[in-house]
Amino acid sequence: MLSIKNLHASVEGKEILKGINLEIKAGEVHAIMGPNGSGKSTLSQVLAGNEAFEVTEGEITLNGENLLELETEERAREGIFLAFQYPVEIPGVSNLQFLRTAVNAMRQHKGQDEMNAAEFMKLAKEISKQVDLDPSFLKRGVNEGFSGGEKKRNEILQALLLQPKLAILDETDSGLDIDALKVVSDGVNALRAEDRAILMVTHYQRLLNHIVPDYVHVLAGGKIIKSGGRELALELEERGYGWLGIKDEEPADSTAN
Amino acid sequence: MATTDQEVNELIKREYEHGFVTNIESDTFEPGLNEDVIARLSGIKKEPEWMLEWRLKAYRRWLEMDEPDWAHVGYPKIDYNSISYYSAPKRKEDMPQSLDEVDPELLKTYEKLGIPLHEREKLAGVAVDAVFDSVSVATTFKEPLAKAGVIFCSISEAIRDYPELVQKYLGTVVPHGDNFFAGLNSAVFSDGTFVYVPKGVRCPMELSTYFRINAANTGQFERTLIIADEGSYVSYLEGCTAPMRDENQLHAAVVELVALDDAQIKYSTVQNWYPGDEEGKGGIFNFVTKRGAAIGKNSKISWTQVETGSAVTWKYPSCVLRGENSVGEFYSVALTNNFQQADTGTKMIHLGKNTSSTIISKGISAGKSSNAYRGLVKFGPGAEGARNFTQCDSLLIGDRCGAHTFPYIESKNKSAIVEHEATTSKVSDEQMFLCRQRGIDPEQAVSMIVNGFCKEVFKELPMEFAVEAGKLLEVSLEGSVG
């Protein structure tokens, strides 16, 4: 489904990704792990088409289509979804209006009729229950005054509504307590499907106890330095990134945003 | 960052959809202003002697006044003798007629503008006074309003038919000498709307005036006077458009509101005068004086405005809160694009005890435009326990526009409380990226974000206008993201 070949990308002239190769098939769940500053968030942003990042070399295709030629919104309509690490607020725009606009943009792209307000309300309410968000959140401004956990659940709500082909989860576990982690993981597991791939980006292995990946990749210095199955994550947890000869700097991920 | 700015700059290409000209035979004065012109104008309108005297007094005062230069706007000097002070579609009588007698060309014009006078009459339940250049061409719903005792007519009619009311209130809120443009208006105002709501009456429908400038080289100088007698309520809307022309045209209106004891006036404006083209050529100079006097105790005056048009806007709808416990409100959205300049805001003058006022101003700047909020909150010595809350938010779209805030506070009473909040924000790259990542077009995203920013003001507008205002913002921002 997704094929990344020799991907190089930089931000403000500084190269962050230095030759990524990755193949993801439909139905698979992949985890990308790595210390802060390794380029994990950059990879998510580049896949989603954030124009702050410049792709200098390599290619990305989704089902054979060249993603690099598509605008951000066109990629989204082709089925790329990014659950943000730090979801931004849009004051005054209700969550409901935002979600309905997004869903209808996708439907229009697929040649389907737009959903009317009543139909959409019903659907949105159902899904908000699934991620344990009170329906009153639908009426509030997009992420406006939401707690960290509420923002993350709101991201998963959007993934469930938009039903993407490839869902990229950028540090979706960060800042969640154990209950919230469970809710979010259940949401992600509900997304798992034969025709859908999931790419999780995470620093910690604890998320992978809840969402069990088929493959684990370790990213360091802008390259994937090791790939394996579920057991790779467990080994990392036990032995630390140092085991692979990587320094794990604790400061915030400098490639985010 | 660079990408969004570039997109946004491209989004700012728009078409002004009301820019057509109506081909209609008009009686238009040759340009120029002197006492004879004023006498001729007054004569055409069959005005009583006192009205002509009033105008001439204003004119003589105006000659001694200077054009204000303190606003944060720049425009070429206006030659007041190159403007025609009267233009009216030809017709048999100088009276607003019943709709059946109105020239079909005119009805078509209003239909094209989305103001189908016939349909509005039947369906919408909104009474309309349609002002075309210098005259009122039609006023709908007069009869049912008359049954409720509400007077809704053109100001020309009111001068003839209700001289005692006009004489009692005209110029009491905005006197001749108030400012240069108000002085000019007092001398040459040609038409406008008059509303009187009697004691204890809640006006049974929304009243509205639709102003249209059509003729070239004319100025529009309308005068509106609304009086809400004790315990009455009225909601009034105004809308405005003009054809696209390369020359600037002057619009210098005066609006006076008077609220007696326990009366409420809600005044809403959606202003969409032609703003000039992408290079800043043409457009309306909108120099307007709007003021409400809350004379009575417990009275309330509320201004809501959505300003998207005009090349230059100079406008400060204000409230003089004289009555005890009287309330003033100002809710404003001002959007400037391309080379538009706006200097707008309000004055809240607290004179009575326990008076209170609220100011919510939302300025949106795009293109190379300049958008200034200017507000005065003043507490007189008698304003015991008075309070004001002001919130001024600016939103910048792109990186070539400017937003300015000039708040003035003067207090002569120690017990007065004033709160002021101000923010400036940008449509951020992160917000745009989030919307686009969810499949939303950049244009739609900007429009959604801007509408969200304006929500607090839009909710103050009557339903029908709120929808129109939202759409108008969308059109005004069209082309600002590529």
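The values are calculated or read from the model by the stated rules, or taken from the named source; none is laboratory data. In this text, all values refer to a predicted model and were calculated from it rather than measured experimentally. As a convention, Cβ positions derive from the backbone with ideal geometry for all residues, glycine included, and neighbour counts pool all protein chains shown. We work out accessible area using only protein heavy atoms, side chains counted, and drop any ligands, DNA or RNA first. Shrake-Rupley method; radii C 1.70, N 1.55, O 1.52, S 1.80 Å.
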Using DSSP to call loops (not H, G, I, E or B), can you name the GluC sites (Glu not before Pro) in the stretch A:142-220 whose Cβ has at most 13 other Cβ atoms within 10 angstrom? A:194
Relative contact order [Cα under 8 Å, 6+ residues apart], the stretch A:1-146, whole percent: 21 percent
Any chance you could check the Cα centroid distance between the stretch A:16-80 and the stretch B:28-81 for me, in angstrom? 67 Å
Residues of the stretch B:423-444 buried by at least 40 Å² on assembly (accessible area, 1.4 Å probe, chain alone as reference): B:431, B:433, B:434, B:436, B:437, B:438, B:439, B:440
If R₀ is 30 angstrom, what is the calculated FRET efficiency for the pair residue A:107 and residue A:54, using the beta carbon separation as r and rounding to 0.05? 0.40
In nm, give the distance between the simple-model label positions of residue B:444 and residue B:66, each being 7 Å from the Cα along the Cα-to-Cβ direction. 5.4 nm
Could you tell me which of B:394, B:363, B:382 has its Cα farthest along the dipole of the stretch B:337-422 towards the positive end, charges placed at Cβ (Lys, Arg +1; Asp, Glu -1), taken about the Cα centre? B:382
Among A:93, A:35, A:24, whose Cα sits farthest toward the positive end of the charge dipole of the stretch A:1-99 (+1 at Cβ of Lys/Arg, -1 at Cβ of Asp/Glu, about the Cα centre)? A:35
Rounded to a whole number, what is D in µm²/s for the stretch B:325-397 from Stokes-Einstein with the Kirkwood radius over alpha-carbon pairs (4 °C, 1.567 mPa s)? 99 µm²/s
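In percent, how large is the relative contact order of the stretch B:256-323, given Cα pairs closer than 8 Å and 6 or more residues apart?
44 percent
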Which FRET efficiency value, to the nearest 0.05, is calculated for residue B:279 and residue B:79 with the Förster distance at 22 angstrom and r the Cβ-Cβ distance? 0.50
Probe 1.4 Å, heavy atoms of protein chains only: per residue, the accessible area of the stretch A:1-132 in Å² is 42 Å²
Rounding to the nearest 10 and keeping the result within 0 to 90°, find how far the Cα-based axis of helix A:117-130 lies from the longest principal axis of chain A. 50 degrees
Helix A:148-162 against the longest principal axis of chain A: what's the angle in degrees, Cα atoms only, rounded to the nearest 10? 70 degrees
Among the listed pairs A:40/A:151; B:77/B:378; B:142/B:199; B:297/B:362; A:25/A:125, which have their C-alpha atoms separated by more than 22 angstrom in this model? B:77/B:378; B:297/B:362; A:25/A:125
From the gyration tensor of the Cα coordinates in the stretch A:78-143, what semi-axes in whole Å does the equivalent ellipsoid have, largest first, with each one equal to sqrt(5λ)? 19, 16, 12
Charges only on Cβ, +1 for Lys and Arg, -1 for Asp and Glu: so what's the dipole of chain A about the Cα centre, in debye to the nearest 20? 400 debye
So how many Å³ per residue does the convex hull of the Cα atoms of chain A work out to? 122 Å³
